[in-house]
């Protein structure tokens, strides 16, 4: 073989090897692209809808909690619908704002709209198949409303809203439904942004692996180690970011739970939380044969203060009353605002000395508040007391009898307290 033929053979072999390496690299690149496209298609066809459904389910849980709060406002004894007067409508509006609900609607058992927080569509009938076939049969129904079909304040806006129907059942009988709208546009945008980051991270991972292979083939093992280190750092940052997001979500859920169980003006427990703790306290008292005292407190001349000095003065009275209760009751007891100017205190393990001491402390605090000299804050309250088991064995009876005792105190001597009594003769005023 001549020298020229030898050089030509080496050149062809080198070119062939280079060609093979280029072909191998091209195959790896094509394989990586196929994998990326397959994973991306699988994600958007299967995984992404499931993740969106999680957003809907999260809003559905929020709607169920909101509906539970609503039931205490619109359902009376025996789960009967009560008239939606102005006071109840205002209470519903406060609940809507506190829970971040876009719109509340209430349907009766025939699907007729009897209440809407935006005031539109009253008296119209819901003829949707989902209402007839799903909600009216006792199941919750949720879906994302198409933004092209949703009207917000009369204008069409590109918003993502979850519409949830929550049936109201009495036993197995359908009596009506709540319709709750949650605007999830910001959460959806944030969700899509994070999904994009995750997709970018996965794509970066695959591209990084491809880069590692290419560098290993054409340069050096050291460059591959550098790429691997960079990949690990990116992955750690992605994990840290996801953990931070999960922590933020947990914090927001805790905030929603707080709003659902506390009065927005005074910050103390609301009626929902109070009744829940009352039920647990009764169960414990029956099991351990202990006593419970219920104090039903009504502010004296609250309407006069509101009409004379304005609602800001009335709000100051309510806040001051809440502060006094928190400062006076024990940590084991529960103080709550259960209606406009009505408060209640639940005293567990209550003996006569404990109850009398609490009533005296409250009376003393009211006197101190009046002694401050603010004419717009003439703090005085009438208190009715009922005891378990002496005055009743269930929550409704004890509440009713404490209320009767409070009215007796108010009629006989404002600013005093009375225990419930079956004796129609008036009790002497407390010392």
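Taking (1) touching a residue at least 60 places away in the same chain (Cβ under 8 Å); (2) closer than 16 Å to residue 418 by Cα in turn, residue 273 satisfies each apart from (2). Summed over region 281-295, the residues that are under 18 Å from residue 334 (Cβ atoms) and either assigned to a loop (DSSP other than H, G, I, E, B) or not assigned by TED's automatic domain parsing to the domain that holds residue 406 (or both) give a count of 2. Helices (runs of 4 or more DSSP H) fully within region 40-134 that include at least 1 residues being closer than 17 Å to residue 176 by Cα and either outside the structural domain of residue 165 (by TED's automatic domain parsing) or modelled with pLDDT of 85 or more (or both): 48-74, 129-133.
Here residue 387 does not qualify as within 17 Å of residue 298 (Cβ to Cβ), surrounded by fewer than 22 Cβ atoms within 10 Å (Cβ to Cβ) and modelled with pLDDT of 95 or more. Out of 318, 379, one residue alone is under 29 Å from residue 95 (Cβ atoms) and in a loop (DSSP other than H, G, I, E, B). It is 379. Of all residues in region 338-353 being in contact with a helix residue (DSSP H, G or I) (Cβ under 7 Å, 6 or more places away or on another chain) and assigned to a strand (DSSP E or B), which is farthest from residue 383 (Cα to Cα)? Per the stated criteria, the residue is 348. Considering the conditions (1) outside any helix (DSSP H, G or I); (2) at pLDDT below 90, residue 335 is excluded by exactly one of them, (2).
Just one of the listed residues (343, 366) is buried (at least 18 other Cβ atoms within 10 Å of the Cβ) and more than 30 Å from residue 86 (Cα to Cα), and it is 366.
The values are calculated or read from the model by the stated rules, or taken from the named source; none is laboratory data. Treat the numbers as computed from the prediction; the structure is a model and nothing was measured. Cβ sites come from the backbone with ideal geometry, for glycine too, and all protein chains shown count toward neighbours.
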